[in-house]
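See structure below.
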Amino acid sequence: MNFDPVNAKMEGRQPVGMDTATADLFPDEFEDSPLGKIPKGWGVGKLDDLIHILSGGTPKTSVPEYWNGDILWFSVKDTPSKSDVFVIDTEKRITRLGVEKSATQILPKGTTIITARGTVGKLALLGVKMAMNQSCFGIRGKNGYSDFFIYYHLCSVISELQRQTHGSVFDTINRNTFTTIQAVLPSLEIAQAFDYNLKAVMDKILVNLFESRTLATIRDTLLPKLLSGEIRVKEAEKLAETVT
């Protein structure tokens, strides 16, 4: 975890890129803890002190009525790149009946998904609500700890989570794994300030993803028509302008 604001204040400097109100939330000294030096007044606890853990499931693939609906259904194949952060679409979709007849559940936007079996430790932040399979956990913050803070806090401990994997066939993490990871716990005010200061950047990333998807749809729709001569370039440009 980055303690640069504390180091800056110890040296009598204003933390870089931080307004005075946010900087005032940080102490100007460290104290000893089981994890080494941490900002004074912060705590050390287990990772599951910060989070609620949610499970997923898979509807029976032999029942057609459970599949190809309008509910997004996340699996490890849908994990976004680190730079994209968010997942806004999935390879497979399920129906409302598929949700009702399986162990999956619909997770709200802002939930962090972590892959927990086979390919362990891939992270995705939900840009829209969706369900997920049983090889993942959905992570929500407890006690007011919010979406972006939880996502990036998990990023900071992901290597330790991966080291705790076990299993005779597949690497696996389970609910108990989260109780074995010690975490530095900042004040709720600092976590909320983190989300507040990051929100504009994260919103922009999400908007860009939706725009990229729209442009890809336009390309895939218009290109065959251009190649076949069904429409001309000028017509395609006008159609693209009406969407963008």
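Pick out the one residue from D19, D84, D32, D70 that is of a type in the set (D, E, K, R) and under 28 Å from T179 (Cα atoms). After applying the criteria, what remains is D32.
Each row is one residue, and each column tells you yes or no for (1) at pLDDT 95 or above; (2) crowded, with 19+ Cβ neighbours inside 10 Å; (3) at positive phi.
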site: L50; (1), (2), (3): no, yes, no
site: S55; (1), (2), (3): yes, no, no
site: P59; (1), (2), (3): yes, yes, no
site: L72; (1), (2), (3): yes, yes, no
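In region 145-157 there is no residue that is within 19 Å of G56 (Cα to Cα), in a loop (DSSP other than H, G, I, E, B), polar (S, T, N, Q) and in contact (Cβ under 8 Å) with a residue 12 or more places away in the chain. Does G17 satisfy being closer than 23 Å to M202 by Cα and without any contact (Cβ under 8 Å) to a residue 12 or more places away in the chain? Against the criterion (closer than 23 Å to M202 by Cα and without any contact (Cβ under 8 Å) to a residue 12 or more places away in the chain), G17 qualifies.
One residue stands out in region 117-127 among those that are at pLDDT 95 or above and not charged (D, E, K, R): the one that is surrounded by the fewest Cβ atoms within 10 Å (Cβ to Cβ), namely L123.
Any residue in region 212-219 that is among the small types (G, A, S), assigned by TED's automatic domain parsing to the domain that holds V120 and at pLDDT below 90?
no
Selection of region 80-105 for residues being modelled with pLDDT of 95 or more, closer than 24 Å to F148 by Cβ and exposed (fewer than 15 other Cβ atoms within 10 Å of the Cβ) yields only Q105. Among all residues of region 131-138, there is none that is closer than 23 Å to P34 by Cβ and touching a residue at least 12 places away in the same chain (Cβ under 8 Å).
The values are calculated or read from the model by the stated rules, or taken from the named source; none is laboratory data. Bear in mind that the values here come from a model prediction, so they are computed numbers and not experimental data. No Cβ is skipped: glycine too gets one built from the backbone with ideal geometry, and neighbour counts run over all protein chains shown.
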